[in-house]
Amino acid sequence: MQLTTLKALNEARKNGKSALLFSDLDSGAETLTIEGEGSGDIEVTQEINEAAERAQNEDRGRMLELGGRRIFIQVFNPPRRLIIVGAVHISQPLVPIARLAGYAVTVIDPRGAWATPERFPDVDIDSRWPDEALENLKPDSRTAVVTLTHDPKLDDPALDVALRSNAFYIGALGGRKTAGKRRERLTEAGFGPDDFARIRGPVGLDIGAVSPAEIAVSIVGQITETLHRPERSAA
């Protein structure tokens, strides 16, 4: 890897940006792309780009043989993160399930009676107001945000920040009536239909979940689908 490439890659990882390194294993030529923008000796054709998208969604490298050339695609994704707003009953099983799926989890809740080490042992608890906490945590393209308090005073500020971020998944607890009122409030805050389409509400896959643990499974399932199969999730 060239020194300039290494420096650019380290800077991208420091800033929580996704990067892809394309290397010609025979000639040594390389191209680095960061958030889709890049430069180098290898032209990123449509075929290479399609292979790169698959590699990025699968979170693993991929070898591509193209016209007698061997192009190795290395994926440098930011760490997976799940930010949960609300130290509620659903959050308790959601934390360990998400961790098993490879996410670093943060629970945000300014309500001291809910967000306690006893209820969430060994969990990063942020007691600041949700918008302040999220502004500091800076959700990126590998971050999922889930609001579970069912309280507009807490959920809405979190959604306000999440919708202005690159978070790949935004979920909110509540049925159609709750979602309708939420849209009204967010419309007054300046958001529109494209923003509302990003919010998964009711949160989670429709698997008939009833208990907190089942709802947690449905949430992680939907997050996983959105991460790896965004085209199916969007449909």
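The values are calculated or read from the model by the stated rules, or taken from the named source; none is laboratory data. Source: prediction; values computed, not measured. Positions of Cβ are generated from backbone atoms using ideal geometry, with glycine treated the same way; all protein chains shown enter the neighbour counts. SASA here: full protein model, heavy atoms, side chains in, ligands and nucleic acids out. Shrake-Rupley method; radii C 1.70, N 1.55, O 1.52, S 1.80 Å.
Close contacts from region 10-22, counting a first residue that is over 21 Å from Val44 (Cα atoms) and a second that is among the basic types (Lys, Arg), with Cβ to Cβ under 9 Å and a gap of 6+ residues or different chains, come to Glu11/Lys17; Gly16/Lys138; Gly16/Arg142. Residues that are under 13 Å from Gln74 (Cβ atoms) number at least 3 in the following strands (runs of 3 or more DSSP E) confined to region 1-48: 19-24, 30-34. Checked against the criterion of being surrounded by 21 or more Cβ atoms within 10 Å (Cβ to Cβ), in a helix (DSSP H, G or I) and β-branched (Val, Ile, Thr), region 86-104 has at least one qualifying residue. If you go through region 133-157 and pick out every residue that is touching a Pro at 6+ places or on another chain (Cβ under 8 Å) and acidic (Asp, Glu), you end up with 2. Here Ser141 passes the criteria (1) open to solvent by 10 Å² or more (accessible area, probe 1.4 Å); (2) within 21 Å of Ser211 (Cβ to Cβ); (3) under 15 Å from the mean Cα position of the chain (by Cα) except the one numbered (2). Filtering region 165-224 to residues that are in contact with a Ser or Thr (Cβ under 6 Å, 6 or more places away or on another chain) and surrounded by fewer than 17 Cβ atoms within 10 Å (Cβ to Cβ) leaves Asn166, Ile207.
Of everything listed in (1) of a type outside the set (Asp, Glu); (2) over 16 Å from Val95 (Cβ atoms); (3) open to solvent by less than 30 Å² (accessible area, probe 1.4 Å), the single unmet condition for His150 is (3). From the list Leu134, Leu100, the one residue that fits, being out of contact with any strand residue (DSSP E or B) (no Cβ under 6 Å at 6 or more places or on another chain), over 24 Å from Glu214 (Cβ atoms) and modelled with pLDDT of 95 or more, is Leu134. If you take the residues in region 35-80 that are of a type in the set (Val, Ile, Thr) and open to solvent by less than 40 Å² (accessible area, probe 1.4 Å), which one is nearest to Asn15 (Cα to Cα)? Filtering region 35-80 for residues that are of a type in the set (Val, Ile, Thr) and open to solvent by less than 40 Å² (accessible area, probe 1.4 Å), the one nearest to Asn15 (Cα to Cα) comes out as Val75.
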